[in-house]
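This report refers to the structure that appears directly beneath it.
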Amino acid sequence: MADVFAVKKSGGIAVAEITKSEITMYEIDMVKKDFSGILEKDSKDVILNFKNLDFISSLVLAAMVYLLKLTKDKGGKLKLCELRDKVNEVFKVTDLDKVFEIYPTESEALKSFNE
């Protein structure tokens, strides 16, 4: 199985790009484990870039809420960016767009850490 995240650092912030177009239910545990690793070794502040993700299931939404809690428990911030239209619509319909900080671009998400 290929890695779910490609991680780079920008000014102390971990930018984790989701590399897959879809995350299956079989990959949820790996997503949680890999994300925990990002928090531990890269940064407690994370941007998840969704530009490659075409589809999001309810299991992935639940995992995103878990990742947000995990980040907050570590004293960090989790921000999302570059959601495709279908994925963004799911966040809006479920009102999760009010729970997560969502930005249209990665650069805007990065700038928001300085505000």
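Model label sites at Lys41 and Asp73, defined 7 Å from Cα along the beta-carbon direction, differ in position by 2.1 nm. If you plug the beta carbon distance of Ser10 and Ser57 into 1/(1 + (r/R0)^6) with R0 = 25 Å, you get a FRET efficiency near 0.30.
Which length gain, in nm to one decimal place, applies between Thr19 and Ser107 when the Cα-Cα distance is subtracted from 0.36 nm times their residue separation? Each step should come with its number before you reach the end.
Working: separation 88, 0.36 × 88 = 31.68 nm, distance 1.83 nm.
Between Thr19 and Ser107, full extension yields 29.9 nm more.
Only alpha carbons enter this Debye calculation for the range 5-112, each as an equal point scatterer, and the log10 of I(q)/I(0) it gives at q = 0.09 Å⁻¹ is -0.19. Averaging Cα coordinates gives a centre for the range 55-101 and one for the range 1-25; these two points are 14 Å apart. Modelled this way, with points 7 Å down the Cα-to-C-beta line, the labels at Lys86 and Asp34 are 2.0 nm from one another.
Of Lys20/Lys41; Lys32/Lys92; Lys44/Lys98; Lys32/Lys72, which ones are farther than 19 Å apart at the Cα? Violating the 19 Å limit, Cα to Cα: Lys20/Lys41; Lys32/Lys92; Lys44/Lys98.
Computed from the coordinates by the stated procedures, all read-outs in this text should not be read as laboratory data. Treat the numbers as computed from the prediction; the structure is a model and nothing was measured. Ideal geometry is used to build each Cβ from the backbone, glycine not excepted, and the neighbour counts take in all protein chains shown.
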